[in-house]
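J.: Okay, handing you the structure first.
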Amino acid sequence: MNDHVTLPIRHLSLPVLGMTCASCVQRVERAVAKVPGVAGVGVNLATERAEIELADPAAREAVLGAIRRAGYEVPQVSLTLAVDGMTCASCVSRVEKAALSVPGVDGAAANLATNSLTVTGAGDAGALALAVGAAVTRAGYDARPAAQADDPQARREAETAALRRDTVIALALTLPLFVAEMGGHLVPAFHHWLTGAVGQFPLWVAEFALASAVLFGPGLRFWSRGLAAFRAGSPDMNSLVMTGAGAAWAFSAVATFAPGLLPASAVHVYYESAAVIVTLILFGRWLEARARGQTSQAIRKLLDLAPPNARVIRDGAEVDVPLAEVMPGMLLRLRPGDRVPVDGVLREGAAHVDESMLTGESLPVRKGPGDALTAGTVNGSGTLVMEAQRVGAETVLAQIVRMVESAQGAKLPVQAAVDRVTAWFVPAVMAVAVLTMAVWLALGGDDAVTQALVHGVAVLIIACPCAMGLATPVSIMVGTGRAAQMGVLFRNGLALQALATVGTVAFDKTGTLTEGRAALTDFAAAPGWSRDEALRLAAAAEAGSEHPLARALVAAAPVPLPQADAFEALAGQGVRAVVEGQRVEVGSARFMGVLGVPVDVLADTTARLAAEGKSAVHVAVDGALAAVFAVADKVKPGAAPAIAALRRAGVRPAMITGDGRAVARAVGADLDIDEIEAEVLPAGKVEAIARLKGAGSIAFAGDGINDAPALAAAEVGIAMGQGTDIAIESADVVLTGGDPQGVARAIALARATLRNIRQNLFWAFAYNVALIPVAAGVLTPSFGITLSPMLAAGAMALSSVFVVTNALRLGRWSEAAA
């Protein structure tokens with residue numbers, strides 16, 4: 001008997017505030033990983049979230065404590081849900097117990113009088129509301145959000161506003177300090193006038209007061225977080241700023257109030273440096289916060305597509321209700337220009353619907369009764385009645401948002417190398433600063449103390465692990481967000497990197513490169529017959545057949561069709577019927593031979609169709625040939641441009657199909673695809689991918705159930721959005737529309753994103769490698785070049801802004817710019 005019980009892994013997603021650089025990410029990950037019961041942890045600086053896998057759900061409280069002891073904050077959220085069905089105190093107890101069973105909930109209070117439930121806890125408010133609502137529903141009650149709770153975007157805007165406020169305050173306090181000191185250096189007469197009017201000591205005391213107000217007012221955030229990092233044994237960016245600015249301030253304080261402790265030549269003050277360092281870094285953080293706020297614009301735009309209310313039809317009247325109260329089965333009224341609130345089916349009316357948000361196609365799509373409607377799309381000019389089918393988290397729009405958020409939170413393999421560097425970066429910088437001060441104290445001559453302080457502080461301030469930590473995640477956020485706007489959804493971040501390196505793309509033919517349905521492609525009438533008349537009679541005869549060929553013929557014929565009598569289907573040959581008193585037979589050349597109908601008059605057309613891989617179908621009227629036509633699966637309009645774009649990008653196109661070789665070769669010739677695997681059974685597509693792979697990586701694009709194994713077998717599986725759910729679940733990338741040009745678009749955007757990441761990483765590492773030695777003073781003895789702490793602070797502040805701004809360029813990416 002096995003007494004070992006394996007607990008199910010539970011996912012915990014937490015917002016983490018206070019992280020500013022890659023070292024912070026490392027600290028949070030290490031702190032959480034040490035907690036017993038944690039199976040895995042990943043922290044993303046750009047999204048400010050920790051994704052944690054718990055082997056033991058009881059470890060949640062320990063995880064929260066570990067994050068807070070590391071010096072970071074997991075915000076508490078409070079949300080209210082409306083609960084229907086409570087009738088007594090016992091119900092209140094059951095509802096509260098159900099809510100408290102949800103991971104992340106710290107407190108729950110149900111109110112029988114107001115039929116509400118107030119929940120407090122740590123984590124994302126939206127996810128918490130969904131989980132609590134589900135738990136209460138399972139307990140037998142109906143729960144729904146009563147009001148919008150903690151909004152991550154609102155929280156980020158509040159943080160940006162706080163940084164702006166602190167920057168303005170710091171600037172106001174620093175400006176007189178800067179003018180007093182730097183003005184005196186630049187204009188000696190101003191210095192003599194100021195010291196004569198005020199006095200040296202009172203002036204330094206005033207500067208001490210202003211600098212202290214900056215460091216311990218707006219700059220207090222650096223001290224609180226930096227000290228927490230020191231206590232945890234993992235110094236971070238805040239620790240560097242705190243140490244650098246604090247050293248300049250402390251040295252100046254000693255020079256002001258206890259000058260006898262210093263050599264006479266070293267009695268100088270650097271209050272302006274300490275204040276300017278804090279002010280410039282706050283300014284940089286503010287710019288960075290503003291820029292980072294723009295990185296999530298794609299998701300915000302997607303969320304904004306859903307209207308806040310829906311117009312529900314109840315007992316013949318229309319009532320506006322919050323979107324959260326819409327349930328499956330409800331009938332909704334859509335007026336011209338309305339956004340579709342939920343997924344459903346059109347019951348009454350007809351209109352053109354703008355689905356560009358879903359497919360990227362600009363042309364509206366005609367919708368009639370029975371057609372599907374998707375949340376976020378826009379009704380054109382008609383008044384419609386739809387039935388709600390999928391609401392809330394089940395809508396296509398909600399699934400798209402979740403897919404984008406999942407991709408944005410992923411770590412690429414390249415990030416692992418960055419994490420290893422940043423793990424020791426801050427301690428290494430502090431060691432370099434100490435070494436710099438030691439060298440200057442030993443070799444600096446009469447001005448050794450001053451030089452040691454200036455260069456040591458400059459090293460601490462110039463180093464910027466923030467840029468390294470942001471280089472990858474902000475590019476992923478903006479790149480995947482831009483992709484979603486263009487109809488390309490990356491299911492995970494790894495697919496982004498893999499797709500950027502593929503050398504071959506293999507396409508399934510039917511439904512991917514072609515329309516996936518038969519259509520009339522050729523129709524040639526015999527002498528004496530008009531095309532329309534021959535087509536009208538042939539379609540009337542075929543109207544009673546369910547064969548795809550018959551449906552294609554009927555769809556292409558002029559309406560109305562005449563009545564057909566004495567219809568007869570002859571298996572493997574064709575059909576016959578009497579139309580308007582004429583005997584009409586439609587079928588193969590062999591059928592015509594059985595009937596004794598000569599086909600020589602259109603032999604050239606028949607030969608051409610055969611050369612193109614098409615099967616010719618003949619029409620005979622009263623024993624004489626009237627026409628020959630062909631039905632085929634038409635190539636999508638975007639297929640040829642997609643293949644051409646792939647070739648320009650250096651990607652080899654290939655095609656895998658179960659169709660015959662003649663048909664496959666004909667389609668391949670039309671599209672300029674020369675590598676073709678034809679007559680492949682569904683089970684053989686995986687082997688076909690292996691054959692095509694060769695030495696490079698391969699992507700496979702398909703849409704059917706039989707494509708699922710191949711989508712999973714390829715390095716990158718690309719599913720067409722109009723395909724089956726099984727195909728989409730097996731894919732790494734989903735194209736929300738059916739246009740194969742999306743494949744080329746996805747590859748180009750993936751490459752642009754990886755290129756952007758490389759640019760950011762190069763800047764981040766080159767900046768630190770180049771400027772830390774300059775700050776240490778290696779150029780001072782030979783060239784007299786000294787990097788002051790104030791310039792170091794400006795450079796450091798702008799380095800992170802550069803990385804984020806460079807990533808934001810992806811938000812304007814277009815194929816024309818690729």
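The values are calculated or read from the model by the stated rules, or taken from the named source; none is laboratory data. All values reported here derive from a predicted model rather than from experimental measurement. Backbone-built Cβ (ideal geometry, glycine too); neighbour counts: all protein chains shown. With ligands, DNA and RNA removed, areas are computed over all heavy atoms of the protein, side chains included. Shrake-Rupley method; radii C 1.70, N 1.55, O 1.52, S 1.80 Å.
J.: Of the residues Gly487, Gly479, Gly493, Gly511, which single one is more than 30 Å from Gly42 (Cβ to Cβ) and modelled with pLDDT under 90?
T.: Details: Gly487 fails: more than 30 Å from Gly42 (Cβ to Cβ); Gly479 fails: more than 30 Å from Gly42 (Cβ to Cβ); Gly493 fails: more than 30 Å from Gly42 (Cβ to Cβ).
Criteria check complete, one pass: Gly511.
J.: Here is a further query. Tell me yes or no: at least one residue of the range 110-126 is over 22 Å from Ala62 (Cα atoms), open to solvent by 60 Å² or more (accessible area, probe 1.4 Å) and at pLDDT 70 or above.
T.: No, the range 110-126 has no match at all.
J.: Could I ask something else about it? Of a type in the set (Lys, Arg), closer than 30 Å to Ala275 by Cβ and at pLDDT 70 or above: is that true of Arg138 in this structure?
T.: It is false that Arg138 is of a type in the set (Lys, Arg), closer than 30 Å to Ala275 by Cβ and at pLDDT 70 or above.
J.: Right, here's the next one. Just checking: which of the strands (runs of 3 or more DSSP E) contained wholly in the range 303-405 hold 3 or more residues that are modelled with pLDDT of 90 or more and hydrophobic (A, V, I, L, M, F, W, C)?
T.: On the way: elements: 309-314, 317-322, 331-334, 343-348, 351-354, 365-367, 384-390.
In the range 303-405, the matching strands (runs of 3 or more DSSP E) lie at 309-314, 331-334, 384-390.
J.: Could you say which residue among Ala538, Ala569, Ala550 is closer than 25 Å to Leu602 by Cα, part of a helix (DSSP H, G or I) and either modelled with pLDDT of 90 or more or open to solvent by 50 Å² or more (accessible area, probe 1.4 Å) (or both)? Walk me through it before giving the result.
T.: Values: Ala569 fails: part of a helix (DSSP H, G or I); Ala550 fails: either modelled with pLDDT of 90 or more or open to solvent by 50 Å² or more (accessible area, probe 1.4 Å) (or both).
Answer to the selection: Ala538.
J.: At negative phi, among the basic types (Lys, Arg) and surrounded by fewer than 16 Cβ atoms within 10 Å (Cβ to Cβ), is that true of Arg576?
T.: Working: at negative phi: yes; among the basic types (Lys, Arg): yes; surrounded by fewer than 16 Cβ atoms within 10 Å (Cβ to Cβ): no.
The answer is no for Arg576.
J.: Looking at Arg758, Arg745, Arg751, which one is more than 17 Å from the chain's Cα centre (by Cα) and at pLDDT 90 or above? Break it down stepwise before answering.
T.: Details: Arg745 fails: more than 17 Å from the chain's Cα centre (by Cα); Arg751 fails: more than 17 Å from the chain's Cα centre (by Cα).
The match here is Arg758.
J.: Where residues in the range 688-702 are in a helix (DSSP H, G or I) and out of contact with any helix residue (DSSP H, G or I) (no Cβ under 9 Å at 6 or more places or on another chain), which of them is modelled with the lowest pLDDT?
T.: Taking the range 688-702 as the starting set, the residues that turn out to be in a helix (DSSP H, G or I) are 688-693.
Of the ones still in play, those that are also out of contact with any helix residue (DSSP H, G or I) (no Cβ under 9 Å at 6 or more places or on another chain) are 691-693.
Working: Arg691: 87, Leu692: 86, Lys693: 79.
This residue is Lys693.
J.: Do you know which of the residues in the range 598-630 that are in a strand (DSSP E or B) and at pLDDT below 90 is least open to solvent (accessible area, probe 1.4 Å)?
T.: Here is the first cut: in the range 598-630, the ones in a strand (DSSP E or B) are 616-621, 624-630.
Narrowing the set further to residues that are at pLDDT below 90 leaves 616-617, 630.
Details: Ala616: 25, Val617: 16, Ala630: 0 Å².
Selected residue: Ala630.
J.: Regarding Gly260, is this residue of a type in the set (Gly, Ala, Ser), open to solvent by 20 Å² or more (accessible area, probe 1.4 Å) and not in a helix (DSSP H, G or I)? Give the steps one after another, and end with the answer.
T.: Details: of a type in the set (Gly, Ala, Ser): yes; open to solvent by 20 Å² or more (accessible area, probe 1.4 Å): yes; not in a helix (DSSP H, G or I): no.
The answer is no for Gly260.
Here's the yes/no breakdown for (1) at pLDDT below 90; (2) surrounded by 15 or more Cβ atoms within 10 Å (Cβ to Cβ); (3) assigned to a loop (DSSP other than H, G, I, E, B):
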residue	(1), (2), (3)
Thr160	yes, yes, no
His185	yes, no, no
Phe201	no, no, no
Leu210	no, yes, no
Val214	no, yes, no
Phe230	yes, yes, no
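J.: Among the numbered criteria (1) open to solvent by 10 Å² or more (accessible area, probe 1.4 Å); (2) modelled with pLDDT under 90, which one does Ala524 miss?
T.: (2)
J.: Scan the range 664-681 for residues that are surrounded by 15 or more Cβ atoms within 10 Å (Cβ to Cβ) and either in a helix (DSSP H, G or I) or on the phi > 0 side of the Ramachandran plot (or both) and jot them down.
T.: Within the range 664-681, Ala664, Arg665, Ala666, Val667, Gly668, Asp670, Leu671 meet the criteria.
J.: Next question. What residue, of Ala46, Ala66, Ala39, Ala59, is in a loop (DSSP other than H, G, I, E, B) and either at pLDDT 85 or above or open to solvent by less than 20 Å² (accessible area, probe 1.4 Å) (or both)?
T.: Ala46
J.: Within the range 647-657, can one find any residue that is crowded, with 21+ Cβ neighbours inside 10 Å and without any contact (Cβ under 8 Å) to a residue 60 or more places away in the chain?
T.: No, because not a single residue in the range 647-657 is crowded, with 21+ Cβ neighbours inside 10 Å and without any contact (Cβ under 8 Å) to a residue 60 or more places away in the chain.
J.: Against the definition (part of a loop (DSSP other than H, G, I, E, B), over 22 Å from Ser23 (Cα atoms) and open to solvent by less than 40 Å² (accessible area, probe 1.4 Å)), how does Val276 come out, yes or no?
T.: Numbers: part of a loop (DSSP other than H, G, I, E, B): no; over 22 Å from Ser23 (Cα atoms): yes; open to solvent by less than 40 Å² (accessible area, probe 1.4 Å): yes.
When the stated conditions are applied, Val276 does not pass them.
J.: Also, quick follow-up: Got at least one residue in the range 450-463 being at pLDDT 85 or above, in contact with a helix residue (DSSP H, G or I) (Cβ under 9 Å, 6 or more places away or on another chain) and closer than 21 Å to Glu815 by Cα?
T.: no
J.: Considering the range 494-521 alone, what residues qualify as being in a strand (DSSP E or B), crowded, with 24+ Cβ neighbours inside 10 Å and among the basic types (Lys, Arg)?
T.: Answer for the range 494-521, where residues must be in a strand (DSSP E or B), crowded, with 24+ Cβ neighbours inside 10 Å and among the basic types (Lys, Arg): there is none.
Residues checked against (1) of a type in the set (A, V, I, L, M); (2) open to solvent by 40 Å² or more (accessible area, probe 1.4 Å); (3) without any contact (Cβ under 8 Å) to a residue 60 or more places away in the chain:
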{"site": "Gly737", "(1), (2), (3)": "no, no, no"}
{"site": "Ala752", "(1), (2), (3)": "yes, no, no"}
{"site": "Ile757", "(1), (2), (3)": "yes, no, no"}
{"site": "Ala770", "(1), (2), (3)": "yes, yes, yes"}
{"site": "Pro773", "(1), (2), (3)": "no, yes, yes"}
{"site": "Val778", "(1), (2), (3)": "yes, yes, yes"}
{"site": "Pro781", "(1), (2), (3)": "no, yes, yes"}
